[in-house]
Amino acid sequence: MNSSHRTWAEPWKIKMVEPIRMTTQAEREAAIAKAGYNTFLLEADDVYIDLLTDSGTSAMSDQQWSALMLGDESYAGSKSFYKLVEAVRDVYGYEELIPTHQGRGAEHILSQTLISEGDVVPGNMYFTTTRFHQEMAGGKFVDVILDEAHDPHSLHPFKGNIDMAKLRAVVDQHGAERVPYVSFETNVNMAGGQPVSLANMKEVYEYCSPLGILVMLDATRAAENAYFIQQREFGYHDQPLAQILREMTSYSDGATVSSKKDNLVNIGGFLAVRDPELARRARSMLVAFEGLHTYGGMSGRDMEALAAGIREMVQTDDHIRSRVGQVEYIGDALIKAGIPVIRPVGGHGVFLDAGTILDHVPQDQFPAQALAAAIYVDSGVRGMERGVVSAGRDPQTGENRHPNLELVRLTIPRRVYTQSHMDVTAESVIRVYEKRESISGLRFTYEPDTLRFFQARFEPVT
Ligand SMILES: *Cc1c(COP(=O)(O)O)cnc(C)c1O
C-alpha cells in the first residue's frame, strides 16, 4: 500500500538513553508465576522490551521537555491551559476544551453528562473503559462495527467503519430519543488498530445530525487513522495529515481523547466539544470528579507538554509515517514467517491471532493470556491479552463474553524502540509459535469484579 520502496527511518536521533536489564529464562519463569501469569502484574524491571501498551509510554521530544519548564502552576486560569485550548482548536478544531487526568476521565464526564438510564449507545466495537463508563451511567452499548472487523482474515482497508444498516436498525428499534450519541472510535483499538474512512465518518454524521443524535469521537488515535486515510482512501494521497485530521473532526460534535497515545505525553486527556451548553454541563461534573475547569487533573507542566505534543503529532507527516512504518515492519516480519496476525496490520501494534495459534486451548482457558505469558518467558518481551479475559462477563447473565477475536497485542510505544528491538521481538514470537503445542491453558485464582484483565491472577491448567 505504500508506493515508496525506500526504507522508512526514524525522523529523530537519540539524545539520552535509559538502560534496560537483561534477565535469564529462569528469572522470567519465576517472575511470571509471581505475577499470576498476568503480564500487567509483572514488575517493569523484569521486562526487556515492553510492548504492553502504547499508552503513556511515548518518548517526549526535546521541545516537550523544554515546555515542561514553562508550566504555569496557578490553580486557576493557568497560562498553560490557554495554550492547550489553542492547540486543540488548531489541530482538532473543537472550540470548547474540558481537560481531564486521562482518557477515562473524559469518558466518565461525557457518559454522565449525556446518558440517561435505559439509553442505547451504538459504537464501532467496545473499548474497555469506554463501555464501562457508558454502562455505569445506565446506558447499553451496542456494537455496530462492520462484520469484517471481527474477522481476523478480512483484508478490508477500513475495518473500523460503522455498518450503516446496523446503526439504522438500532435507531429504528429504540427511537432516536433513546440514542444520545454514537460512540465513534478512530483507529479501533480492540479491532487491532483498524481505521475508519472519511466517507464513513461523513455518512454517519449526515445520518445522525438531523435526528438529533450526537457523534462523539474517541479520537485517541485519530492522527494514526488520518495516515491510513492518506494511504488508502481515494483523493487524499496528497493531503497533509493535519488537513485530513481536521476533515475527520468536522464530521463530529466532539471527542474524548486519551493524550497518552497520539498526543505524545505520558499522562493527560480531554473532552472537547463544539456546543457551549454541553461544555457547561460537562464542566459542572468536572469540578466534582477531576479538578477545576482550567486544569482538570493535569499540572501546568503536563498541559504545556501536551500542547507541544498535539502540535508535534501532525506538524509534518514524518513522525506518523515512521511510527506506523515501524508497526508495519514487525507485522511484515511475522507475516513472512507464517504467524497468524490480524491483517491488515493496524496503527499501534501487531495483534497475534492467539485463538488460531493455540487452537488446542479452549477459549475459557484463556489462550491469549497463556500466549502472552509464554512470549514473556521466552524473551522478556511483554505483550497483553485482548480476548475473553478483557471482554469480561455479561452483566445480565454473569457468563464470560466470548469475543471472536482472541488476541495477544504487541503494542509499539512511540519513538522508544529501534528496528533491532522489533527484530528481537519477531524472533521470539516465531520461537514460541514453533513450540506452541507445549503451551497449556490457564484458570483464574483471583477474578476482580470490574475490568478484570488488569489485576486477575491465574495458574496453569495441568
Ligand atoms: C487508552 C484508551 C482509552 C482510555 O484512556 P486512558 O488515558 O487510558 O484513561 C480510551 N479509548 C481508547 C481507544 C484508548 O486507546
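The values are calculated or read from the model by the stated rules, or taken from the named source; none is laboratory data. All values derive from a computational prediction rather than experimental measurement. Please note: Cβ atoms are built from the backbone with ideal geometry, for glycine as well, and neighbour counts cover all protein chains shown.
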From the list VAL324, VAL345, pick out the single residue that is assigned to a helix (DSSP H, G or I), buried (at least 20 other Cβ atoms within 10 Å of the Cβ) and aliphatic (A, V, I, L, M). VAL324
Given the conditions (1) touching a Phe, Trp or Tyr at 6+ places or on another chain (Cβ under 9 Å); (2) away from the ligand (no atom under 16 Å from the Cβ); (3) small (Gly, Ala, Ser), report the number of the one that GLY193 does not fulfil. (2)
I'd like to know if segment 11-27 contains one or more residues that are in a loop (DSSP other than H, G, I, E, B), at pLDDT below 95, under 24 Å from THR186 (Cβ atoms) and not basic (Lys, Arg). yes
Filter result for the condition that a residue is in contact (Cβ under 8 Å) with a residue 60 or more places away in the chain, crowded, with 23+ Cβ neighbours inside 10 Å and among the charged types (D, E, K, R), over ASP151, ASP218: ASP218
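To keep it simple, each residue is scored yes or no on (1) within 16 Å of the ligand (Cβ to nearest atom); (2) of a type in the set (Lys, Arg); (3) assigned to a helix (DSSP H, G or I).
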| position | (1), (2), (3) |
| --- | --- |
| GLN230 | no, no, yes |
| GLU247 | no, no, yes |
| ASP262 | yes, no, no |
| ILE267 | yes, no, no |
| LEU278 | no, no, yes |
| THR294 | no, no, no |
| GLY297 | yes, no, no |
| GLY309 | yes, no, yes |
| HIS319 | no, no, yes |
In segment 188-198, is there at least one residue being free of Cβ contacts under 8 Å to residues at least 60 places away in the same chain and surrounded by fewer than 23 Cβ atoms within 10 Å (Cβ to Cβ)? yes
Is there a residue being assigned to a helix (DSSP H, G or I), closer than 25 Å to GLN396 by Cβ and of a type outside the set (A, V, I, L, M) anywhere in segment 136-150? yes
Taking the criterion of being part of a helix (DSSP H, G or I) and either under 24 Å from the mean Cα position of the chain (by Cα) or at pLDDT below 95 (or both), would at least one residue in segment 75-86 satisfy it? yes
Qualifying positions in segment 232-245 - surrounded by fewer than 16 Cβ atoms within 10 Å (Cβ to Cβ) and either outside the structural domain of LEU155 (by TED's automatic domain parsing) or not in a loop (DSSP other than H, G, I, E, B) (or both): ARG232, GLN243
Which residues, taken from segment 122-175, are aliphatic (A, V, I, L, M), over 14 Å from VAL196 (Cβ atoms) and within 16 Å of the ligand (Cβ to nearest atom)? MET136, ALA137
Going by the structure shown, is LEU214 farther than 20 Å from ALA149 by Cα, away from the ligand (no atom under 16 Å from the Cβ), in contact with an Asp or Glu (Cβ under 7 Å, 6 or more places away or on another chain) and at pLDDT 95 or above? yes
If a residue has to be in a loop (DSSP other than H, G, I, E, B) and among the small types (Gly, Ala, Ser) to count, how many in segment 190-221 make the cut? 5
